Amino acid sequence: DMRLAELINEVEYEVVSGSTEIEISEVVYDSRKAVKNSAFVCIIGTTRDSHDFIPQVVESGATAIIVEKDDVIAPEGVTVIRVQSSRKALAYMAAAYFGHPAKELKMIGLTGTKGKTTTSYMIQSILEAAGKKVGVIGTIGAVIDGKKIKTANTTPESFELQKIFRQMVDAGCEYCIMEVSSQGLKMDRVAGFMFDIGVFTNFSADHIGPNEHASMEEYLYCKSLLFRQCQVGIINKDDASYEGAIKDHTCEIKTFALNADDVDLKAAELRLVREPGYLGVAFEVSGEVNGSIQTGIPGKFSVYNSLVAIAVCHELDIPFEHIKSALATIKVRGRVEIVPVADHFTIMIDYAHNAASVESLLTTICEYNPKRIVCVYG
């Protein structure tokens, strides 16, 4: 149990009624999970407003209610705390509830339209090659030191997130690599802690629509929030949205590119590598790290992903030989994954599931000048 005052220590709040000295058993935001002496955080969702469930949670034994609205009346003996944003309050309360686990991890957050999953896998592989224990949170769920855990969203709700961080620390992880969706940034799921490293891979008009982002401006604004919440920002300077992504940043900025000059890490002399059972790309990296790199994920795009992985791992003081060897041997399941069958043809599996990703996949493969391409769709 924790005192309510400790849970809301980092939140700006006003006490509407009751005392903050009460002991809290659990923090909940789903009215069905309210238990005796729990604190219930009222979140206004897209379909329902949990302020409407206050009578039920009080009946279930909740003794503290965190609200955004003005006119909440709770029975005698229930503490009501008003905050400006209950989502933000939930994130800070969750961090306190689990004992600020993110402070015990090196936190790496990746945002951008494409390449987040592959890049996080590259970083994970390099860190593991260097003998480190790593946790990953992303599209495919969470992986804690090699064990898989299912999650609801790419970026889980703040309470789930803090719980996963705590599990990572308990499992002995030193690093957490996270895909940070702009939805997650917009909805304060990643509030309440600092990233050591924030990454911006690239930006395209993927998530504009009624349920996600109103406009490109808003989408980009959400991405830029990451760079007000990290110590070091690593950013693709070739991307047209570079300026927008670093607007109002509070972190140190490190850049990478293939084309732009005046960057911290630059790739040059790209060579497509085609051998029996192997398609990849090789390049020279220069700047803060210097040397030759080859990776078994085909296409120019892999160079950008590799640059991110190199920049992040260099920032984490991982020796170059681990970076080089891990990138050379990496294979990502279901991402242009080569199935070794014969030397005179190549079979690849890719889970591209929309027109844009199929197009980019075929464009990538065409760069290797195949005699013909046979596509089988499932």
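Some observations on this one:
- Considering E275, E252, E321, the condition of being loosely packed, with under 15 Cβ neighbours inside 10 Å and closer than 21 Å to K223 by Cβ is satisfied by E252 alone.
- Test: V143 is part of a strand (DSSP E or B), open to solvent by less than 10 Å² (accessible area, probe 1.4 Å) and out of contact with any helix residue (DSSP H, G or I) (no Cβ under 7 Å at 6 or more places or on another chain): no
- E12 being touching a strand residue (DSSP E or B) at 6+ places or on another chain (Cβ under 9 Å), closer than 13 Å to M93 by Cα, charged (D, E, K, R) and open to solvent by 50 Å² or more (accessible area, probe 1.4 Å): yes
- Close pairs (6 angstrom Cβ cut-off, 6 or more residues apart or separate chains): without any contact (Cβ under 8 Å) to a residue 40 or more places away in the chain in region 61-77, hydroxyl-bearing (S, T, Y) and open to solvent by less than 30 Å² (accessible area, probe 1.4 Å) anywhere: A62/S38; E68/S86
- Take the conditions (1) in contact with a Ser or Thr (Cβ under 8 Å, 6 or more places away or on another chain); (2) open to solvent by 10 Å² or more (accessible area, probe 1.4 Å); K88 misses just one of them, which is (1).
- The residue list I73, I54, I24 contains one member that is under 32 Å from the mean Cα position of the chain (by Cα) and of a type in the set (V, I, T), which is I24.
- Unique residue being more than 25 Å from G131 (Cβ to Cβ), in contact with a strand residue (DSSP E or B) (Cβ under 8 Å, 6 or more places away or on another chain) and either aliphatic (A, V, I, L, M) or open to solvent by 50 Å² or more (accessible area, probe 1.4 Å) (or both) when the list is I293, I347: I347
The values are calculated or read from the model by the stated rules, or taken from the named source; none is laboratory data. Please read these numbers as outputs of a predicted model, since none were measured by experiment. Cβ sites come from the backbone with ideal geometry, for glycine too, and all protein chains shown count toward neighbours. Surface accessibility is based on the protein's heavy atoms, side chains included, excluding ligands, DNA and RNA. Shrake-Rupley method; radii C 1.70, N 1.55, O 1.52, S 1.80 Å.
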